[in-house]
Amino acid sequence: MMINKYHAKGQYYDGHYFGSTLEAKVYHLLKKYDDRLLVHPQLTLVNGKKPWRPITWKPDFYSPVFNQYIEVKGALTTEFKFKMQLINYLNPGMIEDIWFVTRNRSYRWQGIYLMNIDEFQRHLKTQEFKVNRRTSTREKSTL
């Protein structure tokens, strides 16, 4: 077990490193619904041209089943705030399509809605129902 500068307890599970127990818990919740879940996919926000480096963002998860990026936040760091503002500038509206999960209470920060882990669990169950309903409708239409 490793402890980072924010006092989060990191851990390895299923061959992945999770920076906090909250991130590991979100992974377990998502794996119930999505066996193709991507952990820490890297997105390039701005391509780098020499001598500049590209600006990238590694969301915590991407779920193909829900077609969603999921970001787990214990603390709103300066780097996170900057990248979210950059994403919003480069891709207006994308922020609204990312699920943000936090530990304690749900709240808003500059148009971003951070839902607590309990609300996220209920949200996944609701989304599962919608995904299953869309799938069963498609299956009926092919019959």
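Here are the numbers for the structure shown:
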{"quantity": "Out of 27, 12, 69, sole residue that is touching a strand residue (DSSP E or B) at 6+ places or on another chain (Cβ under 9 Å), outside any helix (DSSP H, G or I) and modelled with pLDDT of 90 or more", "calculated": "69"}
{"quantity": "Contacts under 9 angstrom Cβ, first residue in segment 73-97 being outside any strand (DSSP E or B), partner at pLDDT 85 or above and loosely packed, with under 11 Cβ neighbours inside 10 Å, 6 or more apart", "calculated": "97/67"}
{"quantity": "Check on residue 53, within 17 Å of the chain's Cα centre (by Cα) and either surrounded by 18 or more Cβ atoms within 10 Å (Cβ to Cβ) or of a type in the set (D, E, K, R) (or both)", "calculated": "no"}
{"quantity": "Count - residues of segment 100-123 that are assigned to a strand (DSSP E or B) and touching a helix residue (DSSP H, G or I) at 6+ places or on another chain (Cβ under 7 Å)", "calculated": "3"}
{"quantity": "Test for residue 60: is it of a type outside the set (Ser, Thr, Tyr) and touching a helix residue (DSSP H, G or I) at 6+ places or on another chain (Cβ under 7 Å)", "calculated": "yes"}
{"quantity": "Checklist (1) at pLDDT 85 or above; (2) at negative phi; (3) not hydrophobic (A, V, I, L, M, F, W, C) applied to residue 132, failing item", "calculated": "(1)"}
{"quantity": "Residue in segment 76-107 that is modelled with the lowest pLDDT, counting only those that are within 16 Å of the chain's Cα centre (by Cα) and basic (Lys, Arg)", "calculated": "83"}
{"quantity": "Pair list, Cβ under 6 Å, 6 or more apart: segment 11-35 residue under 15 Å from residue 103 (Cα atoms), other residue among the hydroxyl-bearing types (Ser, Thr, Tyr) and not in a loop (DSSP other than H, G, I, E, B)", "calculated": "24/13"}
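The values are calculated or read from the model by the stated rules, or taken from the named source; none is laboratory data. Treat the numbers as computed from the prediction; the structure is a model and nothing was measured. With ideal geometry, Cβ positions are generated from the backbone for all residues, glycine too; neighbour counts draw on all protein chains shown.
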